[in-house]
Structure formats: C-alpha cells, structure tokens
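Have a look at the structure below, then the notes.
The values are calculated or read from the model by the stated rules, or taken from the named source; none is laboratory data. Please read all numbers here as calculations on a predicted model, not as lab measurements. Glycine also receives a Cβ, built like all others from the backbone with ideal geometry; neighbour counts cover every protein chain displayed. These area figures cover heavy atoms from the full protein model, side chains too; ligands, DNA and RNA do not enter into them. Shrake-Rupley method; radii C 1.70, N 1.55, O 1.52, S 1.80 Å.
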Amino acid sequence: MADQPPFLNLYTCYAAHFSAPERLLLTTQGGETYTYRDAEYCSAQLANYLVSLGLKPGDRVSVQVEKSPESLWLFLATIRAGLVFHPLNTAYTDEELDYFLRDAEPAVMVCDGARRDGLQPLCAAAGVGELFTLNTDGSGSLMSAAAGCSVEFVDAPTATGDVAALVYSSGTTGRPKGIMLTHGNLVSNASTLAQLWGFSEHDCLLHALPVYHVHGLFVAIGCVLMSGASMRWLSAFRVDTVLEHLPHSSVMMGVPTFYTRLLAADDFNAQRCRSMRLFISGSAPLLAETFLAFERRCGHRILERYGMTETGMNTSNPLVGERRPGTVGLALPGVEVRVCGEGGAVLPANEVGDLQVRGANVFCGYWKMPDKTAEDFTADGFFNTGDKGVIAQDGYVSIVGRGKDMIISGGLNVYPREVELLIDALPGVLESAVIGLPDEDFGECVAAIVVPDGPAELNADAIREAVRQRAAAFKVPRAVFLTEELPRNAMGKVRKDLLREQFAARKARD
Ligand code: MCA
C-alpha cells in the first residue's frame, strides 16, 4: 500500500485501501455486482446532492431503510460530506421514531416509501427539513434527486474528533441515548480490526447483518473497506441464502443466533465452508457448546470478540493463537481494558469487577447529555462499560455478567425499563417486571411478569399486542406471566434474580 494520505475523514481513510476502481465490492443476493468505482461515484452524487440542500458539517441525516447497495452509498455520502449518519432500526414504530427525530433534530430523514405517510407529520413536528424515500430496490425520491449530480466530490475535511455517526441505545431509565462516534473512533477501530483479523483484498465477507447497528455497519463494512475486500451483500440472515453464498466467501461475521441456526441445518458442513478462513461472533455471548459443536461440524473455531456501541470493539480472540471458548480474548492493540472494584480500585488478575476501557475507539459522549457522559467516565478517562468482567493472568477477558439491567435477544439490546413503562401504563396493570429468559434461538428472550390491579381479568395476548403497537417487534415479550406480587428486597427493589430463577423453567415461547 502507498503512503497514507493526510486525514480527511473516515471515507478517505477507507479509500486509501481501494486498490483499483474496477475491483468488485458487492455481490447482491440477486447476483448483481458493484465495483469500488460504483461506490465512489454513487456516494459522490449523493454527497453533492446533500450539500446542495444547504446541509452543513455536523448536520444529522437520519436513515431508516432496508439494506441495499444504495443504503451503503448513502452512508458513505454522509461521511464524505462531513454530515452525521444516524441509522435507525427498521423495526422502530412511528412512536419510537418521533422520539429519535425530536432528539437528534436531523436536517434530513430518509425512509422506505412504505413509511413515508406515517413519518411526514413526525418530521414536520420535529422540524426536519427534508424527507426522502429510498426503497430496497434503490427506487425512491432520494436516488432520483441525486441522479443528475456530479460523480466527483471534494471530500469534506474533518478533524478526528468530529462526530461521524449518532447511534442510539436505550438506558436504565428507558430513555434512549444518542452515542456520538467520531471519525477518529471509527477509523482507529476499523483499521485495527482489519489488520488483526488478517483482511486483504482477496477476502470476501458474507454480510448478512443489518446495517443500522455497529456490528454490521462499522465492524463488518469497516474491515472490508479498510482492506479493499469484497462482500456478499445479503438483505438479512436466512439460512438457505447463507448456505448458498458460503462457498463463495472467506469470512463471516454474525451474532450467536447465526451460528446456532446454521448448526440446525443438516446441510451445513465442512464442504460448504471450503473457501472460508474465518467465522467471527459478537454482540451477545457465544455459548461454549455452540463453539464446540461448530468446530465438530465444520472444523472452524469461531473467533469471539467483545464490543459495544459506545466503544466499537474492545477485545478479540486471536486470529493466530488460542481461541478460548467462553472468553472474549485479549484487549485490542491500542485499547486498555481493566477491571475495577466497588471503590474504583483496579483489581488484580482473576478478580471479578466492573469492566472499563480506554482508547481511541471510545465514543466522545452522549448527545445532549453531558451529565450522563461525565457519570460514565472515570477521572482518568476510562469508560465504565456496565459489564462485569474478569481478566486472566495471561490477559484473556471473560464477561461474567451485566451491571446494567439489559437483555440481549438475538444480538439486539432490550432495556426492560422501556418495556415495563409501556406495560405499567395499561389499564388493569398494577406493575410489571421485564426479564430475559434463556432461549435456544435468540440466546435470551424477553418475558414480562405482570401484577394485575384488582380482580379484572388480564389477557397475556392483549398485553403483548399493546406493546407491539408502540415498540419494535423485538422488544415485545415472548411470554407474559401473571403473578400476585413481585419479590422485593429490603430496599423495595424488585428481585429480578429470583424472578429469573422462578420462571427459567417455564417455556417462554409457545
Ligand atoms: C427478529 N425478531 C426478534 C429478533 N429479530 N425478536 C427478538 N430478538 C431479535 N433479535 C422478531 C421478528 O420481529 C419477528 O417477530 C420474529 O422475531 C421472527 O423473526 P425471525 O424471522 O425469526 O427473525 P429474523 O428476522 O431471522 O431475525 C433474527 C436475527 C436478527 C437474524 C437474529 O435479529 C439479526 O440479524 N440480529 C442481529 C442484530 C445485530 O446486528 N446486532 C448488533 C448490535 P414477529 O413474529 O412477532 O413479527 S451492535 C452490538 O451489539 C455491539 C456493538 C457488538 O458488539 O456488536
């Protein structure tokens, strides 16, 4: 590779690795192919169009669209123009979007055509200047508007500390927080991972993750673009499609559910994986039994790594060396990881405590929440992840629990408080407690324990339906159990540990 060009933005750092414009970048599920030149030209057109609307560096572009080549060009265009990319899970309801739009105050919103009518009044109320559509097939008002723009674009110069993306995650209070990720965060993490995991232009990544979370967006795309590799660009994870594309791929990234679903397919075997060199897992704990069953079936030892939206990736099992099941491996180069006790003292190896991280990967703060930001960082600049961890003598990190009351279902974080607030507001409900129960497919699934208010009959299906009306489908409890009262400790706090024990044996899914 030639000398590094001066830093301009995340895109120009990616582009330093694009070896030749005619090289393949994407192959879609339908067999269409796109080159690096397509990425450059299409993102330039979109960037020119966004700038022509009068958008200024730092303005937010909110995007709730299905995965398509154009969704990738839009991400790149936003970065190139010095704007802030704000991706939104396609499962979010209008009510959830209303909050995000009011909080992020974007200059532009891009949505699927089918969502346009619902979103228009929300955009008007939140003062969003422009609403465009972008459909899965690339049609819609956005691409039409940009079609006449120049394919050349002078990239906006940004500083490493400038915000490139705003990604929301909920919190213990139930109110989602905007996590500000800078160009420097994303460049450092992607270049570290691309090197650490041995990416080269000969790789083809099987990309079946959604592109509105850090995993699919910055980790997966980042490794590819930081190495001039290519991708099999699948719209979602479907076992049949993945089996079809595996023999043409060399790396796959996924959440543990991807791996358990592959193992459940009879025709998943070593022959299918003949061109694969690496399987990577993250976003939720990978069970040791899945790791071992996968190795028995196809000969690959899944590489598990650990990260979060606020930090990108923090640790990884090694590419060469021991991949230790049940651990998330070693701190990444340039990332410091430590375990602290109650009073904040750094604990020695093998002692369990609060896991903290520091490095160029760590976000610059919560959007419009300086107090919350200050609360989550230590005086010496470490971010408190909220996870409980332990570091072995030889540096291998294990996550042993979560300090924050969070459920991870199929790689998606669900904050119980958010769901409890919705249930508690229903007529006939006195109170509720939302917990995660073990689930074969999703690792954990959402369950609600509900106390009725008085003798009126409460119907579990009606409760689920009421939540579904207001919140994304992945947050809807799979099971609702009615009970007379919730167990509490002396301070009056609900004993969720006892509830998890009590209901673990009950089948959460019908
Ligand atoms: C879909 N559903 C879910 C989930 N996904 N419910 C709970 N948890 C989920 N994760 C709902 C659907 O809305 C539908 O509801 C029902 O489940 C059946 O959907 P199904 O077809 O089985 O699911 P799917 O479409 O196949 O999706 C499952 C999935 C997907 C493939 C596991 O959720 C997925 O791609 N997850 C990856 C998420 C991800 O990228 N996480 C990274 C976050 P109904 O039937 O009621 O309509 S980034 C991160 O965590 C950090 C930074 C990190 O370290 O990576």
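Between residue 89 and residue 141, what is 0.36 nm times their sequence separation minus the Cα-Cα distance? Round to one decimal in nm.
Details: separation 52, 0.36 × 52 = 18.72 nm, distance 2.05 nm.
Roughly 16.7 nm would be gained on extension.
What are the ³J(HN,Hα) values, in whole Hz, obtained from phi via the Karplus relation 6.51 cos²θ - 1.76 cosθ + 1.60 with θ = phi - 60°, for each residue of region 96-110 in sequence order, with x given for Gly and Pro?
5, 5, 4, 4, 4, 5, 5, 7, 7, 6, x, 7, 9, 10, 10
Between residue 400 and residues 5 or more places away or on another chain, which pairs have amide H atoms under 5 Å apart, with H built 1.01 Å from N, and which residues are they?
Long-range HN contacts for residue 400: 388, 389, 390.
Let a ≥ b ≥ c be the square roots of the eigenvalues of the Cα gyration tensor of region 155-295; is it rounded (a/c under 1.5), or, if not, prolate (a/b larger than b/c) or oblate?
On the way: a/c = 2.30, a/b = 1.45, b/c = 1.58.
In terms of gyration-tensor shape, oblate.
What ranking of 308, 109 comes out by heavy-atom accessible area, probe 1.4 Å, highest first? Don't jump to the answer; show the numbers that get you there.
Working: 308 35, 109 0 Å².
Ranked list, largest accessible area first: 308, 109.
Quick one: if the Förster radius is 22 Å, what FRET efficiency do residue 425 and residue 120 give, using the C-beta to C-beta distance and rounding to 0.05? Don't jump to the answer; show the numbers that get you there.
On the way: r = 27 Å, r/R0 = 1.21.
It comes out at approximately 0.25.
Would you rank 364, 340 by solvent-accessible area, highest first, keeping every protein chain in place and using a 1.4 Å probe? Don't skip to the answer; put the middle values down first.
Numbers: 364 65, 340 0 Å².
Ranked from most to least accessible, the order is 364, 340.
In percent, what relative contact order does the chain have, based on Cα pairs under 8 Å that are 6 or more apart in sequence? It would help to have the intermediate numbers written out before the result.
Numbers: 1095 pairs, mean separation 58.7, N = 510.
Relative contact order comes out at 12 percent.
At 0.36 nm per residue, minus the direct Cα-Cα distance, what do residue 459 and residue 270 gain on full extension? Give it in nm, one decimal, please.
Working: separation 189, 0.36 × 189 = 68.04 nm, distance 4.75 nm.
Result: 63.3 nm gained on full extension.
When you have a sec, figure out the Kirkwood radius of region 102-208 from all distinct Cα pair distances and drop it here in Å to one decimal? List each step's numbers first, then the result.
Numbers: mean 1/r = 0.0572 Å⁻¹.
That comes to 17.5 Å for region 102-208.
Principal axis lengths of region 338-456 from Cα atoms, whole Å, largest first?
Per principal axis, max minus min of the Cα coordinates gives 56, 37, 26 Å.
Can you give the FRET efficiency to the nearest 0.05 for residue 288 and residue 498, using r as the Cβ-Cβ distance and R₀ = 25 Å?
Values: r = 26 Å, r/R0 = 1.05.
With R0 = 25 Å, the Cβ-Cβ based efficiency is 0.40.
Using Stokes-Einstein with the Kirkwood hydrodynamic radius over Cα pairs, what translational diffusion coefficient do you get for the chain at 37 °C and a viscosity of 0.692 mPa s, in µm²/s rounded to a whole number?
Values: Rh = 23.8 Å.
So the translational diffusion coefficient is about 138 µm²/s.
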